[in-house]
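All remarks here apply to the structure that follows.
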Amino acid sequence: MILGSFFQPVKSISTDEVRTIVKDKSAAEYCLLDVRQPGEYAEGHLPGAKLIPLGELQSSLDNLDSAKPVIVYCRSGNRSRSAVGMLNGAGRQDVFNMDGGILAYNGIVASGPPEAGVFCFPDSLSPGQLVAMAWYVEDGSQRFCEKIAQDTFDQKVDQLPADLIRYKKEHKQDLVELYRNISQTDGKDFPAAVLPSPPTDVMAGCVSVSQALDWSKGRNISDILDLMIALEANTLDLYLKLGRQVDSDRARKVFFALAEKEKIQLDAVISAFEQTIGEKRS
């Protein structure tokens, strides 16, 4: 099983290049894809952009013309990076992430999030190692949620981090049980002894936990939620890919079940994000 392509850097395009394309090319020659929420789109979007919110992209792939290159954008580049990864995973290669999102396009320069790909899946993992890697991703995401719950969230969305932490713990236990089933052991050596070099600083999207926490310092809730949407979407994409790749029916069911739970988490983060940006508008 070749997994190195899961979190490879995505193709990108600058806002200046996008402005030139919009100005000089016919709209029939390319597709602009906005993966933000409807309220954000209504406030302003690039000319001719098609709206498919990130949370709906997996179920809407057939709505994109496969003959056209796709330029994906969001608010700041977090969600669009995840969207490009999803489209690449579905076999679309002529897809580009607009650097900096619509903030940069409008002349507002925002520093980007921690770069994905700090730790990537090796080219080959055994089934047990694959499950262990997924466990470390969940564990890192849990620790990230625990830390930002202490430092960032307030009463307006205070239930969200607790719900996410609970889901991460449940996912980890599901993965322990899956490993026991695959290995036919009691799983006492899982996960530390299963991988030669346990990736203890990795979280959703193969982002470094420590770098994500450093980036989050001093950010407002909307910025944090924007990043979390992208990370949750990456994890959803991962479980869907694993579910399609594995040979074991048991493992396939577990990964697809985890994907369903991840979709619930993604929707919850999107809802909280919409709440915060709605309050800014009012």
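The values are calculated or read from the model by the stated rules, or taken from the named source; none is laboratory data. Everything numeric in this text was worked out from a predicted model, so none of it was measured. Cβ sites come from the backbone with ideal geometry, for glycine too, and all protein chains shown count toward neighbours.
When we screen Asp237, Asp267, Asp249 for residues that are more than 17 Å from the chain's Cα centre (by Cα) and farther than 16 Å from Ala132 by Cα, the only hit is Asp249.
Kindly evaluate Ser248 against the criterion of being under 29 Å from Ala90 (Cβ atoms), polar (S, T, N, Q) and in the same structural domain as Ile277 (by TED's automatic domain parsing). The answer is yes for Ser248. Here region 224-234 is the region considered, the condition is being of a type outside the set (A, V, I, L, M) and under 9 Å from the mean Cα position of the chain (by Cα), and the residue that is surrounded by the most Cβ atoms within 10 Å (Cβ to Cβ) is Glu232. Highlighted here are the strands (runs of 3 or more DSSP E) found entirely within region 1-98 that include at least 1 residues which are touching a strand residue (DSSP E or B) at 6+ places or on another chain (Cβ under 9 Å) and within 30 Å of Leu125 (Cβ to Cβ): 70-73, 95-98. When region 24-43 is filtered for residues that are surrounded by fewer than 17 Cβ atoms within 10 Å (Cβ to Cβ), more than 17 Å from Phe96 (Cβ to Cβ) and of a type in the set (D, E, K, R), only Glu43 remains.
Selection of region 155-179 for residues being assigned to a helix (DSSP H, G or I) and at pLDDT below 90 yields Gln155, Lys156, Val157, Gln159, Leu160, Pro161, Ala162, Asp163, Leu164.
Just checking, does region 195-203 include any residue being buried (at least 21 other Cβ atoms within 10 Å of the Cβ), part of a helix (DSSP H, G or I) and touching a residue at least 60 places away in the same chain (Cβ under 8 Å)? Among the residues of region 195-203, not one is buried (at least 21 other Cβ atoms within 10 Å of the Cβ), part of a helix (DSSP H, G or I) and touching a residue at least 60 places away in the same chain (Cβ under 8 Å), which makes the answer no.
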